[in-house]
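A short write-up of the structure that comes next.
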Amino acid sequence: MNGLYLTDRARRLWATLALTLCTVVFGLPLLVLLLASFAGHWDALWPSSPTWANLRGVLASAEERAALWHSVATAGAATVCALVLGAWGALAGRRLGRRTRICVDTLFVLPITVPSVTVGLALLVTFSRPPLLWNGTVSLVVLTHVALVASYAYANAKAGLERLPAHLEEMAASLGGSPWFVLRKVTLALLMPHLLAGAALGFALSMGELGATIMLYPPGWATAPVEIFSLSDRGSVFSAAALSLALLAATATALVALERWAASRRH
């Protein structure tokens with residue numbers, strides 16, 4: 001009984017410690033962001049003169065509305081491309097030899113093992129010379145986001161394929177299903193939860209990407225993170241906080257919509 005009591009107490013201690021760390025690391029910054037979004041002044045421990053002016057400014061500003069749209073459009077396009085690329089890479093990898101498969105794994109994982117600014121610079125240098133002169137285009141921004149999030153789609157698709165019973169595909173093929181039918185109705189159908197999980201993660205990360213985007217974005221296509229950085233750099237911290245809150249809301253809305261769409265397909 002004494003050992004059990006000590007074990008329960010240790011568990012409560014670890015749970016309290018984990019909750020405290022999560023609160024300090026995640027909860028407190030979000031609370032400060034929320035307070036700053038509605039702050040008129042912040043000269044003491046807590047903000048004063050609460051106001052809706054910061055959020056109204058986000059909605060009224062054409063630049064900030066455009067920045068939110070640019071983030072959603074870029075993240076959406078990059079997520080779709082990354083999902084196709086990652087799923088294709090995982091499916092193709094099953095037919096490759098061990099050494100070639102390791103090379104494919106490395107190719108997909110490499111962009112997330114280095115700073116995003118390094119990826120941005122590499123793509124900027126690569127596509128600043130003919131015949132691939134994409135410097136200063138939206139296409140290069142989307143391509144950069146694809147490079148940064150494709151690894152998550154690939155990893156999720158690969159994990160799903162490793163759990164996929166091979167006999168199901170073989171049974172479908174033995175019953176007369178064409179390779180295209182088996183791919184669509186069996187393989188991809190069973191992989192869909194893994195693909196959607198990779199899509200959700202990639203979309204969220206793309207929405208918040210700054211390091212590479214700030215090096216590449218063309219005039220007129222500043223994303224929300226770039227605009228937030230610009231506002232904070234000019235000293236408009238409350239406006240930056242309000243735009244950050246709007247970015248968080250837009251990301252959450254898109255992820256909830258994706259989850260509901262996935263749930264509707266399961267029923």
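Taken together, the values in this text are just the output of simple stated rules run on the coordinates, not laboratory data. Bear in mind the structure is a predicted one, so any value in this text is a computation, not a measurement. All Cβ positions, even for glycine, are placed from backbone atoms using ideal geometry, and neighbour counts span all protein chains on display.
Summary table below
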| quantity | calculated |
| --- | --- |
| Förster radius 51 Å - calculated FRET efficiency between residue 41 and residue 107 (Cβ-Cβ, nearest 0.05) | 0.50 |
| Normalised alpha carbon radius of gyration of region 1-91 [divisor 2.2 N^0.38 Å] | 1.86 |
| On Cα atoms only, tilt of 224-233 relative to the major axis of the chain in degrees | 30 |
| Potential lengthening between residue 65 and residue 262 on full extension [0.36 nm per residue; Cα-Cα distance subtracted] | 68.1 nm |
| In degrees, nearest ten, helix 237-266 long axis to first principal axis of the chain (Cα) | 30 |
| Length released on extending from residue 12 to residue 190, taking residue separation times 0.36 nm less the Cα-Cα span | 60.2 nm |
| Region 39-113, dipole about Cα centre (Lys/Arg Cβ +1, Asp/Glu Cβ -1), debye to the nearest 20 | 740 |
| Value of relative contact order over the chain, rounded to a whole percent, pairs C-alpha under 8 Å and six or more apart | 29 |
| Bins of 10 Å from zero: percent of alpha-carbon pairs in region 63-266 | 9, 30, 31, 20, 8, 2, 0 |
| Sites excluded, trypsin sites (Lys or Arg not before Pro) in DSSP loops with at most 14 other C-beta within 10 Å, longest stretch of the chain | 96-233 |
| Residue 122-residue 234 pseudo-label distance in nm [points 7 Å out on the Cα-to-Cβ vector] | 3.4 |
| Potential lengthening between residue 73 and residue 30 on full extension [0.36 nm per residue; Cα-Cα distance subtracted] | 13.0 nm |
| Value at 222 nm in deg cm²/dmol, rounded to 500, when DSSP H runs of n ≥ 4 in the chain each add -39,500 (n - 2.57) | -25000 deg cm²/dmol |
| Between 0 and 90°, nearest 10: helix 98-113 axis offset from the chain longest Cα axis | 10 |
| Of 226, 52, 197, farthest towards positive along the dipole that unit charges on Lys, Arg, Asp, Glu beta carbons give the chain | 197 |
| Only Lys, Arg (+1) and Asp, Glu (-1) charged, at Cβ; the chain dipole about Cα centre in debye | 880 |
